[in-house]
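The structure appears right after this line, and notes come after that.
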Amino acid sequence: MSEPLAHDVNAQADAGPDAATARTMLILATLGFAICFWAWALLSPLAVTLRDELGLTSLQQSLVVATPVIVGSLGRIPAGALTDRLGAKVMFPAVAVLTILPVLFLGFFGNNLPALLVGGFFLGIGGTSFAVGVPFVNAWHPPAKRGAALGIFGMGTGGTAVAAFTTLQLSNAFGRPAPFVVVAVLLAAYAVAAWFLLRTAPGRAGAATGNWLLNALRTLAQPVALKLAILYAIAFGGFVAFSVYLPTYLVNNFGMAKGDGALRMAGFVVVSVIARPLGGWLCDRFSRTRVLAGLLVMTGLFALLAALVGAGTTVIVGDNHYPVALEPVGTVAFLGMAAGLGAGAGAVFALVAALVEPARVGAVTGVVGAAGGLGGFVPPLLMGAIYGAYGSYTIGLLLLAAVAIAGGLFTLVGFRRELAREG
């Protein structure tokens, strides 16, 4: 029989691991997560260039950037379960080393659509690092600080911003393989450092036993895991979708230069990354469900504003016409979405830390993280299909607005049973 999800992790032992060592482990985990996410996002800044060079359709272009997302998402399920069993000291170096192979393959051989899809498939391994780091960080911090600690770890998603800032520049300056070689070297260096420096938390629960696939299926059967997965699919899925597709959107919809689009995407990621620990910090101090609900509703309202911008809406006041333009209204809308999605993702894992017992955090993180990544896989394909059919992205943004607001309302009522048990 599977172990039940805990109703109150705060009932765990009061004594936590050494604070200084915990901070060091948090820094190491966040650094590894950032490098792996940098690798995971290497194709996105090159998407428009690849489209022009290879004559890709809008849907094919979307598929190239979305393939690593779906593999990295589904791969989180076994990665999380294996982390419960083997620990991050083994899994972090393993993920880093395995990611090197597709990075180098894409750098030197990614010059046609089949090669990009094959390389992108295995590049998804880098995305599984999230399911390795969450249970590791969770074990190193006491319950009252887990929301903020997991939020800080989540800042490793900033690796996508690093990819946006550097990929085109390195490629233009030193040739297409350059950014891939740089990332491969960093992955190798981190794998060695992680093997020698990572430590297992003194209070870490015993390793999980049994078949990882059966454990994952049992986890899926837990109602709270499914609820958390849905919410993370909205919050992190929205972040992933726009972090990989925003340059394409800006180039196609507003005629922005490719380099400027990549920099705007980097700004979106930076704001989201900075906001993520804020979501966890707020959940450590206020009602977790109300915080998350507010963040999701806020995201939905900003998405609605972005849809108005993309549709070229004009507000008429008397005899005056005011276009709802990309500058400054669209910028505010997308940065507001970035803040809401980032903080919302942090808030979801504050709920995971509160409602899931430590021995199962890896398995639950795998399931929830997979849902988040899959939430990011569908929108780019949908946006590409919508643009190909209608020449506009407005419908996609309206769908995001509706889903985010609905998710916020669900958060207010969906955890009453678990919170009643916690109280």
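The values are calculated or read from the model by the stated rules, or taken from the named source; none is laboratory data. Being a predicted model, the structure only gives us computed values, none of them experimental. Cβ atoms come from the backbone with ideal geometry, glycine included; neighbour counts cover every protein chain shown. Accessible surface areas use protein heavy atoms only, side chains included; no ligands, DNA or RNA. Shrake-Rupley method; radii C 1.70, N 1.55, O 1.52, S 1.80 Å.
Things to note:
- Of all residues in region 17-60, those that are surrounded by 16 or more Cβ atoms within 10 Å (Cβ to Cβ), under 20 Å from the mean Cα position of the chain (by Cα) and part of a helix (DSSP H, G or I) total 18.
- Only one entry in Gly107, Gly133, Gly154 is part of a helix (DSSP H, G or I) and closer than 30 Å to Leu56 by Cα, namely Gly107.
- Cβ-Cβ contacts under 7 Å between residues 6 or more apart (or on different chains), taken from a first residue in region 15-35 that is over 12 Å from Ala139 (Cα atoms) to a second residue that is in a loop (DSSP other than H, G, I, E, B) and at pLDDT 95 or above, are absent.
- Tally of residues being touching a residue at least 60 places away in the same chain (Cβ under 8 Å), within 14 Å of Ala371 (Cα to Cα) and open to solvent by 10 Å² or more (accessible area, probe 1.4 Å) across region 61-74: 2
- When residues in region 109-148 are screened for being of a type outside the set (Lys, Arg) and closer than 30 Å to Thr21 by Cα, 22 of them pass.
- Subset of region 225-282 [small (Gly, Ala, Ser) and closer than 17 Å to Gly408 by Cβ]: Ala229, Ala233, Ala235, Gly237, Gly238, Ala275, Gly279
- Subset tally (residues that are surrounded by fewer than 24 Cβ atoms within 10 Å (Cβ to Cβ), over 27 Å from Leu106 (Cβ atoms) and out of contact with any Ser or Thr (no Cβ under 9 Å at 6 or more places or on another chain)) for region 118-168: 5
- Val378 vs. criteria surrounded by fewer than 24 Cβ atoms within 10 Å (Cβ to Cβ) and modelled with pLDDT of 80 or more: no
- Residue within region 73-85 that is farther than 21 Å from Thr365 by Cα, touching a Leu at 6+ places or on another chain (Cβ under 8 Å) and of a type in the set (Ser, Thr, Tyr) present: no
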